[in-house]
Amino acid sequence: MPLGTVDYLFMALGGAIGLAGLWVFIFLRPKKLDFGPPGAEVVGKIEPPGRTDRRLTEPTRLTIALVLVITGYHLIVWRLPPAAVGVQLSRDYWYVWILIGITLMILSVALDRFEARSRGPKGGE
């Protein structure tokens, strides 16, 4: 069965999402390494400076990057014939895998926000 236009569009979308995950993984790395408590390092500003409660911790950054890379990969391989790729999640439950990925990212960011609020304005001091 030849690939159609929709297949190529899904593959391009999967490639873009996978590249976005690699970008988060590579370019939103911390600028300095601080060997403090796990998850305490603040990276990847998403708000103006001065708002420490609006940043990604290292575990959240890695979770988002991994979910984006896995989602991009599967958007590509789900458009190929089933026998073409040996490693793929079930095509029948694609919506479950997408919901799991979105849920992981939302919960990780929400836990970052909860932790930042529980530490208070001065970082728990």
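Taken one residue at a time, the phi angles of segment 7-17 give Karplus couplings (6.51, -1.76, 1.60, θ = phi - 60°) of 4, 5, 5, 5, 5, 5, 4, x, x, 5, 5 Hz. Gly and Pro are set to x. Distant-in-sequence amide contacts of Leu56, defined by a placed amide H-H separation under 5 Å and a gap of 5 or more residues or a different chain, comprise Val43, Ile46.
Using R0 = 22 Å, the C-beta based FRET efficiency linking Leu13 and Ala110 works out to 0.25. Working from label points 7 Å from Cα in the Cα-to-Cβ sense, the Tyr93 to Ser118 distance is 3.0 nm.
Read-outs: derived from the displayed coordinates by stated rules, not from any lab. Since the model is a prediction, treat every value here as computed from it, not as a measurement. Note: ideal-geometry Cβ built from the backbone for every residue, glycine included; neighbour counts use all protein chains shown.
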